[in-house]
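Structure, as structure tokens:
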Amino acid sequence: MLAHKTLPREADNLMALDLNLLKANGIFGVILDLDNTIVSEDDRYISPGAEDWISKAQQEGLKFFILSNGKRRYRVEFWSQRLNTPAISPARKPFPSSFRKALTKMGLKSAQVVVVGDSRHTDILGAWLVGCPSIQVATLPHPFRWWEKLFGKRVQTPYPFDLELLDFN
């Protein structure tokens, strides 16, 4: 079993993830966060190249699953269909239940699946709780959440100003 020593811990966005590197590390599946990882939670921005990256990875045999804490199920269903990827919503991350369901439905073990998301306290912690490697991507711009207002700052890595950002229309 590989130790995933060459997987990055962070990336600017999905397009920055090298599919060959994932496969070289024994990764056969990806659990993805939706909000602020693929598309901003207010549907204003989409991560550049995310749809093409997912499609290419699927063509190369990687399995995908979306776990979203979003409460608007119709929105998660829209993206699930658009990306041809099953989803659970609300996933109640970081609790392990939805991660385990995704692993079971993909037919893979935790060491074979990388979790990719923007949040340390939901995506990355949830991955750790079930033994999956994880990669934190920079969060897409989005309105401050109530708890971010309370602390006066975001806890995610902000999206780099010098990278392309696409409006989703």
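Inside segment 3-32, can you point out the residues that are open to solvent by less than 10 Å² (accessible area, probe 1.4 Å) and either part of a helix (DSSP H, G or I) or charged (D, E, K, R) (or both)?
Hits for segment 3-32 are 14, 22.
Restricting to segment 53-73, name every residue that is under 18 Å from residue 36 (Cα atoms), open to solvent by less than 70 Å² (accessible area, probe 1.4 Å) and not in a helix (DSSP H, G or I).
64, 65, 66, 67, 68, 69, 70
Select from segment 74-120 the residues that are exposed (fewer than 14 other Cβ atoms within 10 Å of the Cβ), farther than 24 Å from residue 26 by Cβ and of a type in the set (Lys, Arg) and list them in ascending order.
Hit for segment 74-120 is 82, nothing else.
Which of the residues that make up segment 48-75 are within 19 Å of residue 98 (Cβ to Cβ) and touching an Asp or Glu at 6+ places or on another chain (Cβ under 8 Å)?
66, 67, 68, 69, 70, 75
The values are calculated or read from the model by the stated rules, or taken from the named source; none is laboratory data. These numbers come from a predicted model, not from an experiment. Quick reminder, even Gly has a Cβ in these numbers, built from the backbone with ideal geometry, and neighbours come from all protein chains shown. The protein model used for the area step is the full one, side chains on, heavy atoms only, and it has no ligands, DNA or RNA in it. Shrake-Rupley method; radii C 1.70, N 1.55, O 1.52, S 1.80 Å.
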